[in-house]
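Visitor: Let me give you the structure first, and then I'll get to my questions.
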Amino acid sequence: MKSKYSNQKEKINIEEIKEAAEEIKKGNLVLFPTETVYGIGANALNEEAVKKIFKAKGRAGDNPLIVHVSSIEMLEKIVSNISNIEKRLIEKFWPGPLTIIFNRKSEKIIPNAVTANLNTVGIRMPSNEVARKLIESSEVPIAAPSANISGKPSGTNVEDILEELQDKVSYILDGGFSDIGLESTVIQVVEDKINILRPGKITKEQLEEVTKNVQVDSHVLHMVKESEKVASPGMKYRHYAPNTKCIMVYSKNEQKMIDKINEITKEEEANGKKILILGKKQHLDSYISNKKWSIGSSKAEIAKNIFTLLRKVDNQGVDLVIIEGVGQEGLGLAITNRLIRACEYNYINL
Ligand code: AMP
Ligand code: MG
């Protein structure tokens, strides 16, 4: 399939967004930017179209998709019983990077393929203008997981994902680098409590402004054991991981962390291994390895950079990537959640 490419980086081209929307209406796939990461989207009401997403990504059928809406009217057509806490969350955080797991309407307007047969459906309203205009012009909600082959880091810019996805979509809307770089925060409100199923840009601290009763699901930082039931099916799967072995090292005491990373480097290099360090810009001079990349200097920068960097480590001829951890405060929880998976739970917390 030859996909059509549209540059939306500097200025929105509404005519081309409308062309992409025609593809959605026809039941085809469109690659589009959001403020979190790129999405690979299809008409959420068309089961056959949605199945194409699973095929394109090689995604497990029991891992539900997030549905993207452009208005509250669109939301109300597909969910039932929006609670007061959910209403407050919508008011405060939409449009934006918060996915809420709602009860699905009993008429099942959203097909089973989207929700993996669950009675719930994850929905968000993106703030990215190209994404919103695409949904508006399509006149239907758009189901869209992150744009990447399953298991790989999510796409945060078109260049990184062009090779793996260009033959699988009909239209590519290129909006440049994603503003945030990590997927949305996924939450579910159960009675009066907010459960964080996947951390993201909207932090636990921000959610606590709506209710103090906010809990982080244990699988955010811990591996799902076989036969364990998960609140969010996506937690079970290998994710974000390069083929090269990665390890994350973290300590609140920065010097201790740097010393540990240098100790591992020394040991591994003595065994003939080649090491790549992914560390904060301000720490790079302290590392003894001669191969080191900056992940940024603030958490927001690290969030934005991390997936594109993880995609590049496999071509470097190194045996081990040592990644600095960032702790769990604020946006740190989301970064740590992604890095732990990238390292396949191989981490040292001092
Ligand atoms: P992705 O689309 O790749 O960003 O992944 C979407 C994430 O949202 C996955 O981790 C899913 O498991 C989760 N998700 C989507 N819908 C639901 C739902 N109805 N219940 C629980 N988790 C969901
Ligand atoms: Mg994904």
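The values are calculated or read from the model by the stated rules, or taken from the named source; none is laboratory data. Predicted, not measured: the structure shown is a model, and the values here were computed from it. No Cβ is skipped: glycine too gets one built from the backbone with ideal geometry, and neighbour counts run over all protein chains shown.
Visitor: Among all residue pairs at least 6 apart or on different chains, which show Cβ distances below 6 Å where the first residue, located in region 1-22, is in contact (Cβ under 8 Å) with a residue 60 or more places away in the chain and the second is of a type in the set (Val, Ile, Thr) and surrounded by 14 or more Cβ atoms within 10 Å (Cβ to Cβ)?
Guide: Between residues of region 1-22 that are in contact (Cβ under 8 Å) with a residue 60 or more places away in the chain and residues that are of a type in the set (Val, Ile, Thr) and surrounded by 14 or more Cβ atoms within 10 Å (Cβ to Cβ), the close pairs are Ser3/Val169; Ser3/Ile172; Tyr5/Ile172; Gln8/Val130; Ala20/Val30.
Visitor: Here's something else I'd like to know. Residue by residue through region 170-194, note down the ones that are at pLDDT 95 or above and either among the small types (Gly, Ala, Ser) or more than 25 Å from Ile306 (Cα to Cα) (or both).
Guide: If the condition is that a residue be at pLDDT 95 or above and either among the small types (Gly, Ala, Ser) or more than 25 Å from Ile306 (Cα to Cα) (or both), then Ser170, Tyr171, Gly175, Gly176, Ser178, Gly181, Ser184, Gln188, Val189, Val190, Lys193, Ile194 are the ones that fit.
So that you can scan it fast, the table gives a plain yes or no per residue for (1) of a type in the set (Gly, Ala, Ser); (2) touching an Asp or Glu at 6+ places or on another chain (Cβ under 7 Å); (3) under 29 Å from Arg132 (Cα atoms):
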residue: Val158; (1), (2), (3): no, yes, yes
residue: Tyr171; (1), (2), (3): no, yes, yes
residue: Thr185; (1), (2), (3): no, no, yes
residue: Lys212; (1), (2), (3): no, no, no
residue: His219; (1), (2), (3): no, no, no
residue: Glu226; (1), (2), (3): no, no, no
residue: Pro233; (1), (2), (3): no, yes, yes
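Visitor: Here's a follow-up. Looking only at region 224-278, which residues are in a helix (DSSP H, G or I), among the hydrophobic types (A, V, I, L, M, F, W, C) and within 18 Å of Gly61 (Cα to Cα)?
Guide: Residues of region 224-278 in a helix (DSSP H, G or I): 233-236, 254-270.
Imposing the further condition that a residue be among the hydrophobic types (A, V, I, L, M, F, W, C) reduces the set to 235, 257-258, 261, 264, 270.
The answer is Met235, and nothing else.
Visitor: Let me ask another. Considering only residues of region 198-219 that are in a helix (DSSP H, G or I) and crowded, with 19+ Cβ neighbours inside 10 Å, which is modelled with the lowest pLDDT?
Guide: Going through the qualifying residues, I end up with His219.
Visitor: How about region 274-289: which of its residues are more than 21 Å from Thr308 (Cα to Cα) and loosely packed, with under 14 Cβ neighbours inside 10 Å?
Guide: Asp285
Visitor: Residues that are surrounded by 23 or more Cβ atoms within 10 Å (Cβ to Cβ), within 14 Å of ligand 2 (Cβ to nearest atom), of a type in the set (Asp, Glu) and closer than 23 Å to Ala241 by Cα: does region 158-166 have at least one?
Guide: No: zero hits.
Visitor: May I ask you to verify whether Glu35 is part of a helix (DSSP H, G or I), among the acidic types (Asp, Glu) and at pLDDT 95 or above?
Guide: Judged against the criteria, Glu35 is not a match.
Visitor: Looking at Val140, is it within 11 Å of ligand 1 (Cβ to nearest atom) and modelled with pLDDT of 95 or more? Steps first, please.
Guide: Values: within 11 Å of ligand 1 (Cβ to nearest atom): no; modelled with pLDDT of 95 or more: yes.
So Val140 fails the test.
Visitor: Residues that are away from ligand 1 (no atom under 16 Å from the Cβ), under 27 Å from Met223 (Cβ atoms), assigned to a loop (DSSP other than H, G, I, E, B) and more than 19 Å from the chain's Cα centre (by Cα): does region 285-303 have at least one?
Guide: No, region 285-303 has no match at all.
Visitor: Suppose we keep only residues that are out of contact with any helix residue (DSSP H, G or I) (no Cβ under 7 Å at 6 or more places or on another chain) and hydrophobic (A, V, I, L, M, F, W, C) within region 55-70. Which one would you say is farthest from ligand 2 (Cβ to nearest atom)?
Guide: Ala60
Visitor: Return the residue satisfying two criteria in turn: it lies in region 139-157 and is away from ligand 2 (no atom under 13 Å from the Cβ) and surrounded by fewer than 24 Cβ atoms within 10 Å (Cβ to Cβ), and of such residues it is farthest from the chain's Cα centre (by Cα).
Guide: This residue is Glu139.
Visitor: Name the residues in region 1-58 that are among the aromatic types (Phe, Trp, Tyr), surrounded by fewer than 23 Cβ atoms within 10 Å (Cβ to Cβ) and either on the phi > 0 side of the Ramachandran plot or within 19 Å of the chain's Cα centre (by Cα) (or both), would you?
Guide: Here is the first cut: in region 1-58, the residues among the aromatic types (Phe, Trp, Tyr) are 5, 32, 38, 54.
Filter once more, so that each one left must be surrounded by fewer than 23 Cβ atoms within 10 Å (Cβ to Cβ): 5, 54.
Hit for region 1-58 is Phe54, nothing else.
Visitor: If I ask for residues that are of a type outside the set (Ser, Thr, Tyr), part of a strand (DSSP E or B) and more than 13 Å from ligand 1 (Cβ to nearest atom), which ones from region 164-197 would you list?
Guide: Ile172, Leu173, Asp174, Lys193, Ile194
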